[in-house]
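Note sheet for the following structure.
The values are calculated or read from the model by the stated rules, or taken from the named source; none is laboratory data. Values in this document were obtained by computation on a predicted structure and should not be read as measured data. Don't worry about glycine lacking a Cβ; one is built from the backbone with ideal geometry, like all the others, and counts go over all protein chains shown.
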Amino acid sequence: MAQKKRIGILTSGGDCAGLNAVLRSVVHAGTLAGYEIIGIEDGTAGLLETPHRYQILTPQMMDTTIMRLGGTILGTTNRGNPFNFPMPDGSFKDRSKEITDGIKSLGLEAVIGIGGDGSLAILRKLAQQGGFNLIGIPKTIDNDLGRTELSVGFETAVWTATEALDRLQPTAASHDRVMILEVMGRDAGHIAIQSGIAGGADIILIPEVPYDMDVVAKKIISIREDQGRNFALVIVSEAVKTATGSMVQMEHADGEKRYGGIGHYFADKISKKTGFETRVTILGHVQRGCSPIPADRLIASAFGVRAVELVKQGKFDCMVAWSNRDVIEVPIEEAIESYQAVETDGLLVKTARALGICLGDA
Ligand code: F6P
């Protein structure tokens with residue numbers, strides 16, 4: 001019997017909610033279309049080992065339990081660029097050929113890569129070098145990939161941050177405190193602006209709008225003096241900056257500087273400048289590791305189905321994208337080159353300002 005055509009699939013970069021829902025969708029749609037689905041483990045890292053680490057993913061393995069699960073059953077990594085791979089002796093080596101050889105040896109008609117801008121850029125370079133067919137599915141809680149209105153994982157992160165504000169509000173009100181919620185998003189403030197509006201924040205700080213600490217303090221004082229309210233909610237995106245570009249990053253034991261910690265910086269400044277008692281919640285990876293909300297399950301399902309259709313149609317080097325209530329395909333190159341930041345004159349910023357929410361600049 002002739003071997004079935006094979007589609008490879010991998011999850012790459014930081015995990016988020018909805019990755020397993022994408023895998024389930026590709027496995028069901030792909031199997032119905034007559035393909036065997038090969039799940040490569042830990043992003044491309046599964047191909048750097050001999051024997052290669054992969055699983056044959058069957059519809060039987062992909063019942064609806066999988067769709068509800070956070071994380072990725074294939075594993076992922078946001079470390080170890082194969083073109084500049086860190087070796088145990090501290091040197092760096094180009095190991096890209098091992099991966100492209102691995103893909104060839106698996107006899108894959110196409111690889112579906114689920115990733116953000118960094119992962120898709122690496123996969124595209126590998127595809128061009130190794131001559132394999134690539135389709136991208138966008139995922140990132142940051143929602144900063146260009147050419148798609150939504151990426152898998154973002155809606156769940158917004159839901160999680162909104163729920164955190166819902167929980168912080170009663171305790172802020174009970175104790176007359178300023179509650180600061182620090183959220184992820186790297187250089188894009190989509191999580192902060194969306195959950196900040198939905199969760200009733202008084203102040204929303206995003207990287208796209210440079211903040212002035214005096215403006216933040218003035219807003220908090222006016223909440224007390226003009227509105228007679230003794231508590232406030234502040235949501236701050238991890239990579240916010242002042243007009244001069246000053247930002248907070250923490251140096252970790254591994255020598256790497258990462259975001260995380262700006263909330264405490266704000267708490268100190270706010271309590272000194274306003275006299276308010278402040279507390280900080282850093283939401284961190286809680287935004288990534290949970291069961292996907294319905295919106296992410298739907299996007300994931302539609303993306304997976306469209307990706308399989310693209311394989312059938314032989315349309316490669318493109319990424320599926322959410323656009324105007326539909327799934328379209330766009331060139332991967334355009335998606336990774338057109339960064340999607342929060343538009344400072346866009347609907348959400350205007351909405352926040354019109355509601356009297358302070359963005360830290362005026
Ligand atoms: O890009 C997704 C993201 O969750 C960012 O929002 C955050 O800054 C970063 O990844 C954290 O990465 P790590 O998993 O390496 O801590």
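Odds and ends about this structure:
- Here is the figure for region 63-76: residues that are β-branched (Val, Ile, Thr) and either surrounded by fewer than 17 Cβ atoms within 10 Å (Cβ to Cβ) or not in a loop (DSSP other than H, G, I, E, B) (or both) total 3.
- Qualifying position, being within 16 Å of the ligand (Cβ to nearest atom), modelled with pLDDT of 95 or more, crowded, with 17+ Cβ neighbours inside 10 Å and small (Gly, Ala, Ser), among Ala164, Ala127, Ala172: Ala164
- Meets criteria (within 24 Å of Asn78 (Cα to Cα) and at pLDDT below 95) for Lys257: yes
- Total residues in region 30-42 satisfying the condition of being of a type outside the set (Ser, Thr, Tyr), more than 16 Å from the ligand (Cβ to nearest atom) and out of contact with any Phe, Trp or Tyr (no Cβ under 9 Å at 6 or more places or on another chain): the figure is 6.
- Residue count for region 211-240, restricted to those that are within 11 Å of Leu359 (Cβ to Cβ) and over 22 Å from the mean Cα position of the chain (by Cα): 5
- Among residues that are within 23 Å of Gln194 (Cβ to Cβ) and in a loop (DSSP other than H, G, I, E, B), Thr344 is included.
- In region 257-277, the residues that are farther than 16 Å from His175 by Cα and within 16 Å of the ligand (Cβ to nearest atom) form Cβ pairs under 9 Å with partners that are assigned to a helix (DSSP H, G or I) and small (Gly, Ala, Ser), at six or more places apart or across chains, as follows: Gly260/Gly284.
- The set of residues in region 44-76 being among the hydrophobic types (A, V, I, L, M, F, W, C) and within 16 Å of the ligand (Cβ to nearest atom) consists of Ala45 alone.
- Residues within region 282-303 that are within 12 Å of the ligand (Cβ to nearest atom), in a loop (DSSP other than H, G, I, E, B) and not hydrophobic (A, V, I, L, M, F, W, C), tallied: 2
- Any hit, region 153-165, residues being among the hydrophobic types (A, V, I, L, M, F, W, C), in a loop (DSSP other than H, G, I, E, B), under 21 Å from Lys350 (Cα atoms) and in contact (Cβ under 8 Å) with a residue 24 or more places away in the chain: no
- Picking from residues in region 77-116 that are assigned to a strand (DSSP E or B) and away from the ligand (no atom under 16 Å from the Cβ), the one that is farthest from Gln55 (Cα to Cα) is Phe92.
- Among the candidates Tyr54, Tyr35, residue that is aromatic (Phe, Trp, Tyr), in contact (Cβ under 8 Å) with a residue 60 or more places away in the chain and in contact with a strand residue (DSSP E or B) (Cβ under 6 Å, 6 or more places away or on another chain): Tyr35
- Some residue of region 221-236 being within 15 Å of the ligand (Cβ to nearest atom), within 15 Å of Thr281 (Cα to Cα) and part of a strand (DSSP E or B): yes
- Candidates Gln227, Gln194: the one that is free of Cβ contacts under 8 Å to residues at least 24 places away in the same chain and assigned by TED's automatic domain parsing to the domain that holds Thr244 is Gln227.
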